[in-house]
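Before any comments, here is the structure.
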Amino acid sequence: MAGPDFHRTTGSRSVPVEVLKHVFLLKGVTLFKALNTEQILPVADIVSSVSFEKGDTIFHEGDEGHQLYVVVQGSVEVVVAGQQVAVLGVHQCFGEMAVLEQLTRSATVRAIEDVSLLRIAREDFLDLLDLYPVLARSIIAVLTERLRSASAEETGVHKAVRKSELERGES
C-alpha cells in the first residue's frame, strides 16, 4: 500500500504525490497560471503546508516578511490600520509584497475560519524569479490588479465623502 512518500513518474523524474498535489493547487493560483507543469514543479518542491484555526493571526502589520502564502482551504481577512480591506479565499495569495521588497508587512492577516495554506520562503521565491521571468511578470500583474482595486476603492470613498459634504452644504 502506498504511503506518504509514494512517487509517480512524470517525464524523466519521479515526483512525490504530495508535490503533484501542490502542482495541481498552484496551477489554480493567478500568480502561477503562466507557468507550465515543468516550471511549476520547482515551486511545488519548495512549498510547505501550514494550518491555522479560526481567529489565529498569520502575521501582523509591521512584522518582517519572510514568506508568501497561498490559500488552499478556508479564508483569511486582510486588515490595515484596524480596517478589513480584503477577504481572500482558495487559490489566492498574500504576503508577496513584503517578500519582494524585504520590508515589513503592510497588513495583518487573520484566519476567519480554519485555513490550510501553502507557504513559500522568501529566498526560495526570489530564486524562482531569477529562473522564471514569466513568474516575475505574473507577480507584476497581480500587484497591478491589487493597485487598481485599491485605487478604485479609494476613488469611491472620496466620491462618497464629497457627495455627503455637498448634501450637507459643505464645500
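What the table shows:
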{"item": "Test: residue in the stretch 128-144 that is closer than 22 Å to residue 81 by Cα, among the hydrophobic types (A, V, I, L, M, F, W, C) and either open to solvent by less than 60 Å² (accessible area, probe 1.4 Å) or modelled with pLDDT of 85 or more (or both)", "result": "yes"}
{"item": "Unique match (being open to solvent by less than 20 Å² (accessible area, probe 1.4 Å), more than 20 Å from residue 115 (Cα to Cα) and modelled with pLDDT under 90) among 98, 2", "result": "98"}
{"item": "Filtered residue count, the stretch 67-124, keeping only those that are among the charged types (D, E, K, R) and assigned to a strand (DSSP E or B)", "result": "3"}
{"item": "Residue identified as at pLDDT below 85, farther than 23 Å from residue 90 by Cβ and open to solvent by 40 Å² or more (accessible area, probe 1.4 Å) among 37, 30, 9", "result": "9"}
{"item": "Answer from 35, 20 - the residue that is out of contact with any Cys (no Cβ under 9 Å at 6 or more places or on another chain) and closer than 16 Å to residue 129 by Cβ", "result": "35"}
{"item": "Residue match in the stretch 30-37 (condition: among the hydrophobic types (A, V, I, L, M, F, W, C) and in contact with an Asp or Glu (Cβ under 6 Å, 6 or more places away or on another chain))", "result": "no"}
{"item": "Residue 51, sole failed condition from (1) over 21 Å from residue 142 (Cβ atoms); (2) in a helix (DSSP H, G or I); (3) of a type in the set (Gly, Ala, Ser)", "result": "(2)"}
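The values are calculated or read from the model by the stated rules, or taken from the named source; none is laboratory data. Note that the coordinates shown come from a computational prediction; the quantities given were computed from them, not determined experimentally. Quick reminder, even Gly has a Cβ in these numbers, built from the backbone with ideal geometry, and neighbours come from all protein chains shown. Each accessible area value is taken on the protein alone, full model and side chains, heavy atoms only, with ligands, DNA and RNA left out. Shrake-Rupley method; radii C 1.70, N 1.55, O 1.52, S 1.80 Å.
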